[in-house]
Amino acid sequence: MSLVGPRPLLLEYLPLYTAEQARRHEVRPGITGWAQVNGRNAVSWEERFRMDVWYIENQSFWLDLRIIALTVVGVFTARGVSHPGEATMPVFRGTCPKTPKP
């Protein structure tokens, strides 16, 4: 585990990931990450996975420093601690496939 990277999730979620979402495992998991400083539990699972993949594609020393600084601010402001209507986050049940357009 590292300081910055996608937060680890429950093992029971592994078979539910799309190929794109599974990319979050290309890097070591972290204590804090891009999704945590940009909404944390207040964003949808799909948005959280998009942010994890964005981090993987854009990771750098400077981005990690920015995430650490934003994490410190987030700890003191407690933004995004819970998803609307949930104590933290709803259970991930997989991403619904998009209906193909005719």
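The values are calculated or read from the model by the stated rules, or taken from the named source; none is laboratory data. Everything quoted here is computed from the prediction, not taken from an experiment. Backbone-built Cβ (ideal geometry, glycine too); neighbour counts: all protein chains shown. For the accessible areas, the whole protein counts, side chains as well, though only heavy atoms, and no ligand, DNA or RNA atoms are used. Shrake-Rupley method; radii C 1.70, N 1.55, O 1.52, S 1.80 Å.
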Leu14 vs (1) touching a residue at least 24 places away in the same chain (Cβ under 8 Å); (2) open to solvent by 40 Å² or more (accessible area, probe 1.4 Å); (3) among the aliphatic types (A, V, I, L, M): all pass except (1)
Can you tell me which residue among Arg48, Arg40 is under 25 Å from Phe61 (Cα atoms) and at pLDDT 90 or above? Arg48
Looking only at residues that are aliphatic (A, V, I, L, M) and touching a residue at least 12 places away in the same chain (Cβ under 8 Å) in region 21-48, which one is most open to solvent (accessible area, probe 1.4 Å)? Ile31
